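Heads up, the thing below is written out as structure tokens.
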Amino acid sequence: MPSPPPPFRPPRAGPPASPMLLPARYLSSSTTTKIGGLDTADFKTLVERAAPWSCSQGYQLLECSPGFLKVKLPFQDHFVGNISIPAMHGGVVASLIDHVAGFAAWTMLDSPAARVSTSELSISYLSPAPSTDLVGVGKVFSAGKKLIRVDVEVYAMRAQSIDESEAIAAGRGTFYKKERTAGSKEAEEEGQMFQGYLRSLRKE
């Protein structure tokens, strides 16, 4: 039996504060909290399940707020790239960095019709990634009219916690922001279709 998903921390509203842990099963499309132009539950589905690649990796959204994202990557045996250590393949870590950075950038959007795409990605491998769950933490460094830059650090989980003083990898991504004209019919229709797709995934 697969292990249950970890608790999900919804976005913070108002002044920074310690967010309350809220199990994912309590999230619904009726929540008024928005992140990246989407309802909280829709955004969680976007991060974890909207693309076949995300499903294959098993990404789990742990926490998010505007400009911040934390994602868990559960270990899978086929992630191993160096069997003598053993250590994860660098491509697995790189994909986690790209995923976390991209959706951290997405938290800065304010419309369900807006999108981001990777323009540049740099990665530093600081130590071999052990055969355990990883957590990627992304923080927006700067957000302009067209480009969003995000810094990401990756940590190994030990005893269900992470030591944020010892990152195993770090990266920076630059993302191009594409937005439809606010209030246009095209933006409204595309946003509605996209949200409908995400909600259909939650029913599966």
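The values are calculated or read from the model by the stated rules, or taken from the named source; none is laboratory data. Every value quoted in this text rests on a predicted model; they were computed, and no experiment measured them. Using ideal geometry, Cβ is built from the backbone for each residue, glycine included, and neighbour counts are taken over all protein chains shown. Each accessible area value is taken on the protein alone, full model and side chains, heavy atoms only, with ligands, DNA and RNA left out. Shrake-Rupley method; radii C 1.70, N 1.55, O 1.52, S 1.80 Å.
Miscellaneous remarks
- All positions within region 66-89 that are open to solvent by 10 Å² or more (accessible area, probe 1.4 Å) and in a strand (DSSP E or B): Phe68, Lys70, Lys72, Val80, Gly81, Asn82, Met88
- Among the residues of region 127-153, the one identified as open to solvent by 80 Å² or more (accessible area, probe 1.4 Å), hydrophobic (A, V, I, L, M, F, W, C) and over 17 Å from the mean Cα position of the chain (by Cα) is Leu147.
- Restricting region 46-61 to residues that are open to solvent by less than 30 Å² (accessible area, probe 1.4 Å) and of a type in the set (A, V, I, L, M, F, W, C), the residue that is farthest from the chain's Cα centre (by Cα): Ala50
- Test for Ala101: is it hydrophobic (A, V, I, L, M, F, W, C) and outside any strand (DSSP E or B): yes
- Condition met for Val92 (at negative phi, touching a helix residue (DSSP H, G or I) at 6+ places or on another chain (Cβ under 9 Å), of a type outside the set (S, T, N, Q) and outside any strand (DSSP E or B)): yes
- Comparison of Ala156, Ala187, Ala167 shows that the only residue that is modelled with pLDDT under 90 and either open to solvent by 40 Å² or more (accessible area, probe 1.4 Å) or of a type in the set (Gly, Ala, Ser) (or both) is Ala187.
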